[in-house]
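No lab work stands behind these numbers, since they all come straight from the coordinates. No experiment lies behind these values; they were computed from the predicted model shown. Here the Cβ positions follow ideal geometry from the backbone for every residue, glycine too, while neighbour counts run over all protein chains shown.
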Amino acid sequence: MSMGAVTASSKVSTTVRVGAWIVPAAALLLAAPFVIDPFQTLTLTYGLIAAIGALGFNLLLGYTGLLSFGHSAFFGGGAYTVAFLVKYLKIASMELFLAGSVLASALLSVLFGYVCVRYTRIFFGILTLALSQVLWSLAFKFFWVTGGTDGLRVPTPTLLGAAPTDDKMDFLVHRYYFYVLAVFAVCVLLMWVIVHSPFGKALQAIRDNETRAEFIGIRIRRYRLIAFVISGIFTGVAGALWAPLNGLASPDILVWTFSGEIVFMTVLGGFRTFVGPIVGAVAFTYLKTYAVGFTVYWQLLLGTVLVALVLVLPTGIMGAVEQLASKWKRAS
Amino acid sequence: MNLLATQALAKSFGDNRAVDAVDFNVSEGEVLALIGSNGAGKTTLVNLVSGLLQPDSGQIIFAGADVTRQSSYERIKVGIARSFQIVNLFDQLSCADNIALSIFSREGKTAKLISLAGSDRAVWDEAHDVLRRFGLDRQMAVPAGTISHGERKLLDVAVAYALRPKLLFLDEPTSGVSTREKAPIMDVVTSIVRSGGITVVIIEHDMDIVFRYSERIVVMHQGSILADGTPDEIRRNDAVTTTLIGSYPTGEPVQGGTGHAGS
């Protein structure tokens, strides 16, 4: 078989495989607000936002092999950028919020990344953790700027110039939901292209073997920094979308346990697959929402789930699904 | 003409002078074997020339230019490539990906963010061609971590070869491979590099391989060059035979034997 035929057939099968996923998923997401109750839609919105953050996070963990324990800094950075734009510049446009958070998280991640990508493994993780805690303590201490533990209020924004409707719940579960869904779709597409680009391949090469990557001429530190910045921007955008939904930017999203949640959802979904973080983020959001409603010991419940997960599904939800699918394929 | 020349190159690890004022020359187009017992400084020399280590003193001249202070990245760009003694591959990526990465890197395309790697037909055609020449085309879509050791050794060389270097260091290309598999691997490797006009330096312990495939042999001992000559000259060199106990005193190498230098 010629090379052309191989690529062509694998391309077709990839398209079919991807399409078999995307079409029903998109249909479900588009129909959701008309089918499920508003509270569910709200939870789903939180889930999609978390998914954008987890996608960004996983560019580092799954594709570059760097475990960041400081992604709360970018999520919080994005959310606080929105709050500052509201408080100090009286801006209400969601597009400007997004632009501002991209800029702010890019700046922040260049700064953090410049320090952190000099190291790998646990040293990298600890550094990201330490730097994010610095940001948290700033938000905590400079209360006259940041509102301290009270945080800063974020009102509902204008979307594409259209003012929010009076019924806030209706606005959030319809217009805002679709806005988030659109941004989510763009982010997924963008990330998919990035991880399948030559650059994405180079990141995976660095993950697998940094010495060899260096000896085929890849500038590993520079590439890690670029990955870090892209990752930070995605998570920052998630923070910006989260702020109006939550109505408040507060230090809880800057604290390191929130970074842990981002790690958790990515591992839950499976960091070895592209869709893993998305599935994990939505699943985690539902899990947490119900755990919080179900018991005051919700953290205990989540902890138990995590332990069970590592023991039973070490490759996450999507890893397990893939294994089942390949078993089924072999059997048929 | 010398493609590579080191001048009084030195590197110590503590009190151990791993490479001690070595003048090492490689002529363009030759297949040179670098031999010596374990700890003689062969790999350190290669690490210095390829940029993995920085020398304490001395100079490295490559293609007429001083590359002593250049980073490994810059040295790859001017045409110095290497394979590794312990196989160094991108284990989770397919064999084709492993080769394609070298090609993307060589063509300066790895910085491309918003384009699909899979759509660059020329790169994949070349990657497939390289795999075919190394006899690995059946493993094209298989993760590099799952193929046999012998195939991994070949792929390791192929990854370096795909950079189209001027000078290629092969650090024990047949280590850990059964005696029966060694010659086929070396046949493939040497015929490919010869046809590509690539200058090759092979580090090897197996004397059969060394005498059969190299045009010139440089013998290292305790950080210095002990001897330098054609295979015949080296075979007759008394200093070499007394130093490398266990290798051939005189005469022809035994075909298919397992002679090891000093190990």
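Quick one: net charge around A:Asn246, please, counting Lys, Arg +1 and Asp, Glu -1 for every other residue with C-beta under 11 Å from its C-beta.
Every neighbour counted, the sum reads 0.
Loop only per DSSP, at most 13 neighbouring Cβ atoms within 10 Å: give me the trypsin sites (Lys or Arg not before Pro) in region B:44-145, ordered by residue number.
Sites meeting the loop and neighbour criteria: B:Arg69.
What angle do you read, to the nearest 10 degrees and between 0 and 90, between the alpha-carbon axis of helix B:95-106 and the longest principal axis of chain B?
80 degrees
Where the only charges are on Cβ atoms (+1 Lys, Arg; -1 Asp, Glu), what is the dipole of the protein assembly as shown about its Cα centre, to the nearest 20 debye?
The calculated dipole for the protein assembly as shown is roughly 1100 debye.
Quote the charge dipole size of region B:37-159 about the Cα centre in Debye, to the nearest 20; the model charges only the Cβ of Lys and Arg (+1) and of Asp and Glu (-1).
Roughly 120 debye, rounded to the nearest 20.
As I understand it, the dipole of chain B uses +1 on the Cβ of Lys and Arg and -1 on the Cβ of Asp and Glu, about the Cα centre. Which of B:Leu226, B:Ile192, B:Asn2 lies farthest toward its positive end?
Checking the options against the dipole of chain B, the answer is B:Ile192.
I need the Debye-formula profile for region A:37-255: one equal scatterer per C-alpha, no solvent, reported as log10 I(q)/I(0) at q = 0.11, 0.14, 0.15 1/Å, two decimals.
For region A:37-255 at q = 0.11, 0.14, 0.15 Å⁻¹, log10 I(q)/I(0) is -0.53, -0.82, -0.92.
Can you put A:Arg175, A:Arg17 in order of Cβ neighbours within 10 angstrom, beginning with the fewest?
Exposure proxy ranking, most exposed first: A:Arg17, A:Arg175.
Once you have a ≥ b ≥ c as the square roots of the Cα gyration tensor eigenvalues for region A:22-76, tell me rounded if a/c is under 1.5, and otherwise prolate or oblate according to whether a/b is larger than b/c.
oblate
Is the shape of chain B best called rounded, prolate or oblate, per the rule: a/c under 1.5 gives rounded, else a/b larger than b/c gives prolate, else oblate, with a ≥ b ≥ c the square roots of the Cα gyration tensor eigenvalues?
Oblate.
Find which of A:Asn58, A:Cys116, A:Phe142 sits farthest along the positive direction of the dipole of region A:37-255, computed with +1 on the beta-carbon of Lys and Arg, -1 on that of Asp and Glu, about the Cα centre.
A:Cys116
By how many degrees, between 0 and 90 and to the nearest 10, does the Cα long axis of helix B:121-133 differ from the longest principal axis of chain B?
With both axes taken from Cα atoms, the answer is about 40 degrees.
Within chain A, which complete DSSP H helices have Cα atoms spanning at least 27 Å along the helix axis and a mean Kyte-Doolittle hydropathy of -0.5 or higher?
What comes out of the filter, once short or polar helices are dropped, is A:3-35, A:38-58, A:94-116, A:121-141, A:177-196, A:220-246.
Looking at the protein assembly as shown only, what percent of DSSP beta bridges run antiparallel? Nearest 5 please.
Antiparallel bridges: around 60 percent, rounded to the nearest 5.
Putting +1 on Lys and Arg Cβ atoms and -1 on Asp and Glu Cβ atoms, find which of B:Ser12, A:Met265, B:Val31 reaches farthest to the positive end of the dipole of the protein assembly as shown.
Farthest along the dipole direction, towards plus: A:Met265.
Please compute the Cα-Cα pair-distance distribution of region B:3-107 with 5 Å bins starting at 0, giving whole percents from short to long.
2, 11, 20, 22, 19, 13, 9, 4, 1
Ignoring everything except DSSP H segments at least 4 long, calculate the 222 nm mean residue ellipticity for chain A; use -39,500 (n - 2.57) per segment, divide by total residues, nearest 500.
Using -39500 (n - 2.57) per qualifying helix, the result is -25500 deg cm²/dmol.
Hey, what number do you get for chain B at 222 nm if only DSSP H runs of n ≥ 4 count, each worth -39500 (n - 2.57), divided across all residues, to the nearest 500?
My calculation for chain B gives -10000 deg cm²/dmol from helical runs alone.
Going from the alpha-carbon gyration tensor of region A:115-238, what semi-axes, largest first and in whole Å, does one get by taking the root of 5 times each eigenvalue?
Taking √(5λ) for each Cα gyration eigenvalue gives 36, 24, 9 Å.
Just check region A:240-332 against the gyration tensor rule for me: Cα atoms, a ≥ b ≥ c as the square roots of the eigenvalues, rounded for a/c under 1.5, and otherwise prolate or oblate depending on whether a/b exceeds b/c.
prolate
Using the Kirkwood radius over Cα pairs, work out the Stokes-Einstein diffusion coefficient for the protein assembly as shown at 20 °C and 1.002 mPa s, in µm²/s as a whole number.
80 µm²/s
Compute, for chain A, the length of the dipole vector about the Cα centre, with Cβ point charges of +1 (Lys, Arg) and -1 (Asp, Glu) only. Units Debye, rounded to 20.
Roughly 1000 debye for chain A.
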